[in-house]
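The values are calculated or read from the model by the stated rules, or taken from the named source; none is laboratory data. What you see is a predicted model, and the numbers here were worked out from it, not measured in a lab. All Cβ positions, glycine included, derive from the backbone under ideal geometry; neighbour counts span all protein chains shown.
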């Protein structure tokens, strides 16, 4: 009769159990680090949101000549970078990332409405783009390329405001915005001067649709030249 080596099986079992326990511990450890990193990002975003909320209140009362010097657009851009980082580093459909995106989306909409309100009061025209994208596989093959185009445009024209929204985000205010502009799920989608474009657009395409970008660049160049001239006089 074949004799079972129970000792051998016990040792094998213990080794297997040990490997499993180690793998489980390491997995939990890395997951814990990711959670801590995400929580830290949430804390930083929460502070930025509070700061921006205060700026909203201050800008609503500001005179027209001071509104153009606001740093709110810069802060929104910085906040958007943090949200994009969390979206790329962690699962974009996780509850934590959704929380970040919802807060950021509400802040973007608030800035968009405030900019329009100030433009009406100060008789100016805001230069902005509403951009709708999706992170769901197969839903938007050109969304990543569109994101690069909008980043390039924002870098080229710092005065351009770009508001990015996840089309699939479960947020009633966002769904209202989508409904008002009749944005279909044919992404990427851009809203420029109240008109909706449901396809990829290159840098050149957007520039043709927004001739006011050239005026933005002229103003930015003039301001930079004036600043450089002032700095030169100060040094002398």
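For this structure, a couple of remarks:
- Subset of the stretch 185-208 [within 24 Å of residue 97 (Cα to Cα) and exposed (fewer than 15 other Cβ atoms within 10 Å of the Cβ)]: 185, 186
- Scanning the stretch 95-119 for residues that are surrounded by fewer than 15 Cβ atoms within 10 Å (Cβ to Cβ) and at pLDDT below 80 yields a count of 2.
- Per the listing 156, 184, the residue uniquely farther than 17 Å from residue 111 by Cα and modelled with pLDDT under 90 is 156.
- Matching residues, the stretch 188-201, being in contact with a helix residue (DSSP H, G or I) (Cβ under 6 Å, 6 or more places away or on another chain) and free of Cβ contacts under 8 Å to residues at least 60 places away in the same chain: 188, 200
- Only residues that are in contact with a helix residue (DSSP H, G or I) (Cβ under 9 Å, 6 or more places away or on another chain) and surrounded by fewer than 16 Cβ atoms within 10 Å (Cβ to Cβ) were counted in the stretch 127-157, giving 2.
- Some residue of the stretch 167-181 being surrounded by fewer than 10 Cβ atoms within 10 Å (Cβ to Cβ) and in contact with a helix residue (DSSP H, G or I) (Cβ under 8 Å, 6 or more places away or on another chain): yes
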